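Here's the structure we're looking at; comments come further down.
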Amino acid sequence: MATVIMQGIGLASVFSSANCKILHPGSRRTLPERRVGFFVIRSDGSLPSVLNGDKNRRGGLTTNATKQEKATTSTASNPGHEVLLFEALREGLEEEMDRDPNVCVMGEDVGHYGGSYKVTKGLATKYGDLRVLDTPIAENSFTGMAIGAAMTGLRPIVEGMNMGFLLLAFNQISNNCGMLHYTSGGQFKIPVVIRGPGGVGKQLGAEHSQRLESYFQSIPGIQMVACSTPYNAKGLMKAAIRSDNPVILFEHVLLYNIKERIPDEEYILNLEEAEMVRKGEHATILTYSRMRYHVMQAAKTLVNKGYDPEVIDIRSLKPFDLHTIGNSVKKTHRVLIVEECMRTGGIGASLTASINENFHDYLDAPILCLSSQDVPTPYAGVLEEWTVVQPAQIVAAFEQLCQ
């Protein structure tokens, strides 16, 4: 079982592809479930999300399945091995560097120091200083260099020591990374992965406790994903590296020390797919990253009170997996969104709009969204907790939704 260590290292985030299709709401019935692959046991003991998608015409949903999907064996037949989340990221990165000599890493202290959160520890010794490149403190420069390297056929991974620092490279990420495939008429692919720690930490101060997912969500041409467990961290890392699209992988600074058993065999996850964490009947809770653990803590309380919540880790922040989300809405008819992103213009706001546009006829109550407060994150621990959604608030909102 995965364990949350509230103090320690944290991760950043992921991008997903903007290859979405317009969806049309159909009749009020649940679509046939897609075929299921076997996953390792999660922190909550839940069973797997889907790995294979189908397409339905008007009256159903469309899913953007990729060729990166692989079913994994169950932990009953393969016990696997236990890793911390940052170690799972390193495993995925190392496996891809072994497989493809075009994969390289660049960023501040990623070399012999091993990265601020040790995701690249030991890689410089194994692969050399050219494939694991220490850079000056100049995010705009080395991000632009990575984009240029991708245009020549390399597959660079850019580590931001903190995702907030990558705001210095926003021009390169927006005007170059997201647009060059289009503005070159398809002559260039930009297989870049941008990753690093973000989110609200334990008293890291305002500049190191930013939720930047929604900043990057608005950039056309970029995919975004957010990992929450060692299992999906490794699977999403490998999928992002193999993608020909620019991908931003968000890692949360407080999740690096979460431990989980993952398979020994290679596996890759779908960059555009949500994970069904807990099946239920009364209402759907949509969440991602660190808030997954707050939601599951609240779910235990709700179950003890007689409720049956359905919990989905959306994982793909762009595009949303409207197939999984839509089927859940058609079943429960109520939605609660829980996020650490800011309320104004956050991921929850975009998700609310998507659900209302596509599944309004299936809702029996207005969508509720719990988000962080629109203030810079305070340094003081008590004040910091007040800015972020807590399990008790989730319980209260769920009860209100089900009335």
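So the values come out like this:
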read-out	value
Cβ pairs under 9 Å, 6+ apart, first in region 125-144 and closer than 19 Å to V247 by Cβ, second open to solvent by less than 50 Å² (accessible area, probe 1.4 Å) and part of a loop (DSSP other than H, G, I, E, B)	E139/E108; E139/G160; F142/E108; F142/T135; T143/G160; T143/V192
Yes/no for G111 being touching a strand residue (DSSP E or B) at 6+ places or on another chain (Cβ under 7 Å), surrounded by fewer than 24 Cβ atoms within 10 Å (Cβ to Cβ) and of a type outside the set (A, V, I, L, M)	yes
Flag if T143 is among the hydroxyl-bearing types (S, T, Y) and open to solvent by less than 10 Å² (accessible area, probe 1.4 Å)	yes
Residue within region 312-332 that is open to solvent by 40 Å² or more (accessible area, probe 1.4 Å), part of a loop (DSSP other than H, G, I, E, B) and touching a residue at least 24 places away in the same chain (Cβ under 8 Å) present	no
Selected residue [open to solvent by 10 Å² or more (accessible area, probe 1.4 Å) and not in a helix (DSSP H, G or I)] from G186, G201	G186
Test: T301 is over 24 Å from N162 (Cβ atoms) and in contact with an Asp or Glu (Cβ under 8 Å, 6 or more places away or on another chain)	no
Within region 202-261, tally of residues that are in contact with a Cys (Cβ under 8 Å, 6 or more places away or on another chain) and on the phi > 0 side of the Ramachandran plot	1
Selection from region 342-373 of residues that are of a type in the set (S, T, Y) and either without any contact (Cβ under 8 Å) to a residue 60 or more places away in the chain or within 22 Å of A226 (Cβ to Cβ) (or both)	T344, S350, T352, S354, S371, S372
Test result for P376, in contact (Cβ under 8 Å) with a residue 60 or more places away in the chain and either in contact with a Lys or Arg (Cβ under 6 Å, 6 or more places away or on another chain) or part of a loop (DSSP other than H, G, I, E, B) (or both)	yes
Subset of region 119-139 [of a type in the set (D, E, K, R) and surrounded by 18 or more Cβ atoms within 10 Å (Cβ to Cβ)]	R131, E139
Residue, nearest to I137 (Cα to Cα), within region 156-177, restricted to residues that are assigned to a loop (DSSP other than H, G, I, E, B) and not hydrophobic (A, V, I, L, M, F, W, C)	G160
Of all residues in region 145-161 being of a type outside the set (A, V, I, L, M, F, W, C) and in contact with a strand residue (DSSP E or B) (Cβ under 6 Å, 6 or more places away or on another chain), the one that is farthest from D244 (Cα to Cα)	G160
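A quick yes/no check of all residues on (1) open to solvent by 90 Å² or more (accessible area, probe 1.4 Å); (2) of a type in the set (V, I, T):
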site	(1), (2)
N356	no, no
F359	no, no
L363	no, no
L368	no, no
V375	no, yes
A380	no, no
E385	yes, no
A397	no, no
Q400	yes, no
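The values are calculated or read from the model by the stated rules, or taken from the named source; none is laboratory data. A quick note: this is a predicted structure, and the numbers were derived from the prediction, not measured. Glycine also receives a Cβ, built like all others from the backbone with ideal geometry; neighbour counts cover every protein chain displayed. Side chains included, ligands, DNA and RNA excluded: accessible areas come from the protein's heavy atoms. Shrake-Rupley method; radii C 1.70, N 1.55, O 1.52, S 1.80 Å.
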